[in-house]
Amino acid sequence: MNTYRPPRAKYMPLHTARCHTIQDTLAHAGTSPFTGGDYMKVCANNPNDLLAWMATQGATQFSSLCSKCKVAEFMNGAALVDGAADLDNTGDGWAEQELRASVLSYLEMQQKERAGQPFVKKQYYESLAKSYGRTAKAFEYRMQNISYVLSLMGRDWLQGLKPAKNVGKKVACQIEALVLELSHRPQAPVVAFEFEVRENLQNKYLPEPTGSKQPATTTSQVMQFKRDPLVKAWVLKKAGGVCECCGHDAPFESTDGQPFLEVHHVRKLAEGGSDTIGNAVAICPNCHRALHYGMKAKELVNSLYGKVFRLIRE
């Protein structure tokens, strides 16, 4: 990573440790750690260690990625820094047991948060750091990666652990699999697909795709909840055609002439929420998506508890 000295968040482009692009393209480059009077190079075995260092400097993401040293492959685990061929099976320097322990700790903290039990995140990070020889900051940033994966899955994430998207697809898919396994709440995997969408969005010259006239199908085991139709009817009737989140009228009428709103469980059923009027609201499609996938989902949930008085925190 090339950065201002002292580090400033606005200029932290990422290179792999073996990249010679700086020396090739900038006149002030040299082989010493300092590439000039105002710049320094910071190296690590994997992006998450760099991100942990950056977090201590007030930055949380890279301003750009080198286009010549295969950083994308490096972050996804397809390319390795020199001498790191035997890192492990996660692709970014983290062993499977480290990821498993991180997800277990995250889910435990999440359970305590929902139950209103006190806990200190830093104690979890320090315990993990002691067990696996990394810094507590590295584990804190890994927890933010877990938040990002949960957001892609449409699930709730921990307050104070804002989703951090700088995680490779391979590791993100491993995190998703661990979440599904350890939470015992199966659903169809979505992370690999969403990563490919986001990767293609970064292509400035994205060609028009041919698509597929006969899309392939897959079969997966999912859990479906048996909901009470009376709860849905009561909540919709109580809303009276007005979104209980944003306060706007329903965006359109359904084919039976009813204002179209969707019933959302504030604590999601997939996360142990109840199917009761104390956990359900009638909202417009935009607010529904924001509550599942939005960066401000936590703020929206808190606002619902403040304005819809029948709601009970679970």
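The values are calculated or read from the model by the stated rules, or taken from the named source; none is laboratory data. For clarity, every value in this text was computed on a predicted model and none was experimentally measured. Neighbour counts run over all protein chains shown; Cβ positions are idealised from the backbone, glycine included. Note: accessible area is taken over every heavy atom of the protein model, side chains too, but ligands, DNA and RNA are not part of it. Shrake-Rupley method; radii C 1.70, N 1.55, O 1.52, S 1.80 Å.
See the values below:
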{"quantity": "Filter result (assigned to a loop (DSSP other than H, G, I, E, B), at pLDDT 95 or above and not hydrophobic (A, V, I, L, M, F, W, C)) within region 297-314", "calculated": "310"}
{"quantity": "Criterion (open to solvent by less than 30 Å² (accessible area, probe 1.4 Å), over 17 Å from the mean Cα position of the chain (by Cα) and not polar (S, T, N, Q)) met by exactly one of 141, 132, 125", "calculated": "125"}
{"quantity": "All positions within region 92-135 that are among the charged types (D, E, K, R) and in a helix (DSSP H, G or I)", "calculated": "96, 98, 100, 108, 112, 113, 114, 121, 122, 126, 130"}
{"quantity": "All positions within region 204-239 that are of a type in the set (A, V, I, L, M, F, W, C), within 21 Å of residue 188 (Cβ to Cβ) and free of Cβ contacts under 8 Å to residues at least 24 places away in the same chain", "calculated": "216"}
{"quantity": "Tally of residues being open to solvent by less than 60 Å² (accessible area, probe 1.4 Å) and without any contact (Cβ under 8 Å) to a residue 24 or more places away in the chain across region 102-122", "calculated": "2"}
{"quantity": "Where a residue in region 134-148 is touching a residue at least 24 places away in the same chain (Cβ under 8 Å) and within 13 Å of residue 168 (Cα to Cα) and its partner, wherever it lies, is open to solvent by less than 10 Å² (accessible area, probe 1.4 Å) and assigned to a helix (DSSP H, G or I), with Cβ under 7 Å and at least six apart", "calculated": "142/48; 142/102; 145/175; 146/102; 146/103; 146/106; 146/175"}
{"quantity": "In region 157-191, the residues that are at pLDDT 90 or above, under 22 Å from residue 291 (Cβ atoms) and part of a helix (DSSP H, G or I)", "calculated": "172, 175, 176, 179, 180, 191"}
{"quantity": "Which numbered condition residue 154 fails, given (1) in a helix (DSSP H, G or I); (2) at positive phi", "calculated": "(1)"}
{"quantity": "The one condition in (1) of a type in the set (Phe, Trp, Tyr); (2) under 28 Å from the mean Cα position of the chain (by Cα); (3) more than 21 Å from residue 153 (Cβ to Cβ) that residue 234 fails to fulfil", "calculated": "(2)"}
{"quantity": "Test: residue in region 271-285 that is without any contact (Cβ under 8 Å) to a residue 12 or more places away in the chain and either under 22 Å from the mean Cα position of the chain (by Cα) or closer than 17 Å to residue 113 by Cβ (or both)", "calculated": "no"}
{"quantity": "Hits in region 154-174 - residues which are among the hydrophobic types (A, V, I, L, M, F, W, C), open to solvent by less than 20 Å² (accessible area, probe 1.4 Å) and over 10 Å from the mean Cα position of the chain (by Cα)", "calculated": "158, 171"}
{"quantity": "Number of the exception - residue 212 against (1) more than 12 Å from the chain's Cα centre (by Cα); (2) within 16 Å of residue 104 (Cα to Cα); (3) open to solvent by 20 Å² or more (accessible area, probe 1.4 Å)", "calculated": "(2)"}
{"quantity": "Looking only at region 275-293, and only at residues there that are open to solvent by less than 20 Å² (accessible area, probe 1.4 Å) and assigned to a loop (DSSP other than H, G, I, E, B), the one that is farthest from residue 264 (Cα to Cα)", "calculated": "278"}
